[in-house]
Amino acid sequence: MNRFKKLMLRAVVGSLLIVNGCSPYMENNTIEELAPVIFWSISNGENGKFTISTLVPPLINEKKRLLSQQVDLMKQGIQGFNLIHYREMKLGQLRMLFIQDDVAKKGLIPLLNMISMDPNITQRLYLVIVQGNFDEYIASQLIKQENLDYFLYRMFHHYERNNQGEITVVNLHQYLKRLYTPYSDPILPVFKVNKENFAYKGTAVFKDDKLITTATHIDDHIFQLISNDYYLKLLPIPELSVSIGQLRSHVDMKFNEDYSSLSVKVDLSGRIEDYQADMQVLDQGQLLRLNQEVERYMETHTSDLLVKLQKLKVDPIQIGNLTLAPFRQPMSEETWLSYWEKMKFEVDYEMRLETLTIDNKDK
């Protein structure tokens, strides 16, 4: 009887361990033996391999150094790091994944499958596309800014939390949600790097899991206004010699009955921060003329952006979600794409500009 109870107890304990995702094998590590990882950098290596890099130690007051490994599988990188570094790598503090654009063009699913299946890695992991050699940038900046990895994390966290309207910020959960949703395509931020600079370039657009194009300059600004934050801190328009600040947008999109056209109406308000042309913007009549010029400029470039996305057969703005309605069966992704490829666009901007004067400078 006692033997039976012992067997039952073991079975119950084993079941609880399995249900709770715990392992019966304990890892006995002291804090001094652990090296949490803040970022990974992934680039193409030799002979079809990946190059995976990170900084060690990221959180301890010791001199940092950049470690790199050539691997076939991502987990090989951790194993390789543990063999050449005296602290065991732990992925519980992994917060950023910097992926070279050449890797992203081949597809991210093999890489993200490993990341998403690891229970120690947070779904709030920031994903970033880089153009250039990110490892060279980190190595050259270590002397100037030892905690650079932490400051990069704080930058992404800041823009994500406050919706600053300047850069795209996407985490692992958001990317995968877009990837597996029928009416949307994933996006990621793109940064251009060299030994001295890490500069935001625009928004990468994916078809399935492959990088297909990057929205830059005015295209990225429009994307922020009509799809992402609906806010821009600053919109420079060199062609009109004007910079507009504190831009806020309200967007209304509607299909016609047979989905042959899409109406895009954007109510846009902002403040003139800088103007270097001939109009007297303090005069209401000339300010109205400038309003109209900005409206035409935005309408033209918004239409051009929609046509570009249409030709690439991608929908990062998630316009397809507008086809959903209560008590109506959702159309298939193939049906939606057949409409999207032939759709006409009617874009209308209603612009309200104000100038910075004594009366409104405190607004």
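Rule-based calculations on the coordinates, nothing more; no lab input. Owing to the predicted nature of the structure, the values given are computational and were not obtained by experimental measurement. Backbone-built Cβ (ideal geometry, glycine too); neighbour counts: all protein chains shown.
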Among MET155, MET117, MET298, rank each residue by its count of other Cβ atoms within 10 Å, from fewest to most, as a rough exposure measure.
MET117, MET155, MET298
Among all the aspartates and glutamates, which ones have a C-alpha under 12 Å from LYS192's C-alpha, if same-chain residues fewer than 8 places away are not counted?
ASP101
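Give the order of THR214, THR302 when sorted by the count of other beta carbons within 10 angstrom, beginning with the fewest.
Numbers: THR214 19, THR302 22.
If I rank by nearby Cβ atoms, fewest first, I get THR214, THR302.
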Quick query: amide H of SER261 versus all other amide H atoms, modeled in the peptide plane; which residues come in under 5 Å with a sequence gap of 5 or more or a different chain?
ASN256, LYS344
Just want the answer: with Cβ charges of +1 for Lys and Arg and -1 for Asp and Glu, which residue in GLN318, SER303, ASN256 is farthest toward the dipole's positive end in segment 235-326?
GLN318
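If we count other beta carbons within 10 Å of each Cβ, what is the order of PHE39, PHE151, fewest first? Display every interim value, and only then the final one.
Values: PHE39 24, PHE151 11.
With the sparsest Cβ surroundings first, the list reads PHE151, PHE39.
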About its Cα centre, segment 132-288 carries a charge dipole, from +1 on Lys and Arg Cβ atoms and -1 on Asp and Glu Cβ atoms, whose size in debye to the nearest 20 is 380 debye
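Too long at a 30 Å Cα-Cα cut-off: which of LYS195/LYS311; LYS265/LYS308; LYS105/LYS308?
Values: LYS195/LYS311 36 Å; LYS265/LYS308 19 Å; LYS105/LYS308 18 Å.
With Cα atoms farther than 30 Å apart: LYS195/LYS311.
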